[in-house]
Structure formats: structure tokens, C-alpha cells
Amino acid sequence: MRGKILIVEDEAAIREMLGLALSQAGYDCMEAADADAANARILAQVPDLVLLDWMLPGISGVDYARRLRRQKLTEHVPIIMLTARSEEDDKIKGLDSGADDYITKPFSTGELIARIKAQLRRTAPHATEQTVEVDGLTLDPSTHRVTAKGGILDLGPTEFRLLHFFMTHPERVHSRERLLNDVWGGNVYVEERTVDVHIRRLRKALTASGHDRFIQTVRGAGYRFSAQG
Ligand code: CA
């Protein structure tokens with residue numbers, strides 16, 4: 001999976017075309033026809049990127065982008081604005097509102113995917129297929145393989161995703177709620193203590209190579225992945 005993209009566009013034909021093209025390119029797509037539907041989608045699962053149409057019913061894309069920037073859940077989610085307009089003023093207005101990029105209709109799928117990739121590389125490295133390495137621990141998303149000290153580690157699928165998330169978001173404290181959203185996906189009902197069970201399994205798998213010390217418990221807050229000792 002290359003990343004979760006929320007498409008907010010009121011024109012059904014364009015929305016479906018985008019959903020199809022991005023799904024074929026390996027993205028996990030969610031669609032919304034207006035701001036209310038988009039809010040409901042976001043509450044169910046925070047996307048890695050939002051594609052936002054300039055003109056929506058009831059609220060302009062620019063105002064909606066501003067709102068997403070102010071909300072805690074979406075403040076760091078990159079936004080690419082879609083628009084039929086091409087005037088420089090509008091472009092500046094769009095970027096001022098907190099959008100990260102801007103693409104003018106009509107555009108090619110190839111161009112759109114290139115823009116999406118550029119944003120995700122910056123903000124969601126866990127959604128890319130790049131190999132990550134931290135202090136002798138290597139995770140390769142394309143082969144689903146984790147190696148440490150030359151040996152292959154035996155990890156379950158959830159532990160693999162958990163470790164991938166940790167390695168691409170190091171040195172930060174993640175609450176159990178955040179981990180459930182980003183690793184399990186927000187629309188699955190899982191109790192928070194389930195996180196602790198998988199953390200325990202992950203630590204056990206990392207013990208032989210000594211990397212278990214990287215998974216730190218932060219009392220009252222959650223977990224942190226740190227190679228700083
Ligand atoms: Ca529209």
C-alpha cells in the first residue's frame with residue numbers, strides 16, 4: 001500500500017476517475033463529495049494526503065483547506081488543490097490557505113501521481129516502498145523483510161507495520177490512539193491494550209539483536225522508537 005488518499009470533489013465523474021487512476025497506481029482511496037462527507041471520512045481514518053477541489057458545494061476548497069490546517073487530526077496532512085482556474089492570484093490564495101501544492105485541470109494522471117509522490121516522500125515515508133535502516137536494523141517494505149545483524153527476523157504482519165511506522169517516525173512519542181489510527185487504520189475497532197500486546201511481541205522479536213531497547217515506553221503517553229539509547 002502506497003498511502004491513503006482522500007479525494008474531495010463534488011463532480012462524480014472526476015472523483016471516480018481519480019479514484020480509479022489512483023487505486024490502479026496502488027493507493028488506497030477514500031472519496032467524498034462535500035466537506036461534511038470529507039469530515040466523516042477523516043474521523044474514520046486520517047488520510048496521508050488530501051486531494052481537494054477548489055469549488056465545493058457550501059464551502060470553497062480554500063476555506064476547507066484552512067479548516068483542515070487548524071484541526072489537530074489533519075494539521076500535518078498534505079493538501080493538493082485541484083482547480084480549473086489558472087490565474088496566479090488564485091494559486092497564491094490556495095497556497096496561503098495551507099495547501100502544499102496546486103494542480104490545474106486538465107492534468108495528466110502521471111503529473112498528478114508525481115505530485116502526490118513528492119508530498120508523501122516528505123510527510124509519509126511509511127507509505128513509500130523505501131528501505132529503512134536504523135543502527136543495523138533494516139526493514140524492506142517491498143519484500144516485507146526485516147533483518148538485523150545479518151539474520152532475518154520473524155515478524156507478524158501487525159508487528160511489521162508497527163515497526164515500519166516506528167522506524168519512519170522516530171524520536172516522537174506516539175499515543176496508543178495514534179498508533180491504532182496509523183498502523184491498524186481508524187475504522188477497525190480495536191481496544192487500546194491490543195497495542196501493548198503487539199508491542200510486547202515486537203520487542204520479543206527484536207531481543208536477540210538487542211534492538212528491543214529502541215522501543216521505549218513513555219509513561220502515561222505511549223511509545224517512542226529511539227536509537228539514542
Ligand atoms: Ca467542484
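Coordinate-derived values only; no laboratory data. This is a predicted model, so every value here is computed, not measured. So basically every Cβ, Gly included, is an ideal-geometry build from the backbone, and we count neighbours across all protein chains shown.
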Among the listed residues 183, 197, which satisfies the condition of being out of contact with any Gly (no Cβ under 6 Å at 6 or more places or on another chain), without any contact (Cβ under 8 Å) to a residue 12 or more places away in the chain and not polar (S, T, N, Q)? 197
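Output the residue which, of all residues in segment 1-43 that are of a type in the set (Gly, Ala, Ser) and out of contact with any helix residue (DSSP H, G or I) (no Cβ under 9 Å at 6 or more places or on another chain), is surrounded by the most Cβ atoms within 10 Å (Cβ to Cβ).
Filtering first and then ranking leaves 19.
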Number of positions in segment 22-35 that are away from the ligand (no atom under 15 Å from the Cβ) and not in a loop (DSSP other than H, G, I, E, B): 6
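Just for segment 44-59: of the residues that are over 14 Å from the mean Cα position of the chain (by Cα) and surrounded by fewer than 17 Cβ atoms within 10 Å (Cβ to Cβ), which one is nearest to the ligand (Cβ to nearest atom)? If you could, list the steps in order and put the result at the bottom.
Going through segment 44-59, the residues over 14 Å from the mean Cα position of the chain (by Cα) turn out to be 52-59.
Checking the rest, the ones that are also surrounded by fewer than 17 Cβ atoms within 10 Å (Cβ to Cβ) come to 55, 57-59.
Details: 55: 4, 57: 8, 58: 11, 59: 11 Å.
Out of the qualifying residues, it is 55.
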What pairs can you find where one residue is in segment 146-157 and over 15 Å from residue 133 (Cβ atoms), the other is among the β-branched types (Val, Ile, Thr), and their Cβ atoms are less than 8 Å apart, with a gap of 6+ or different chains? 155/146
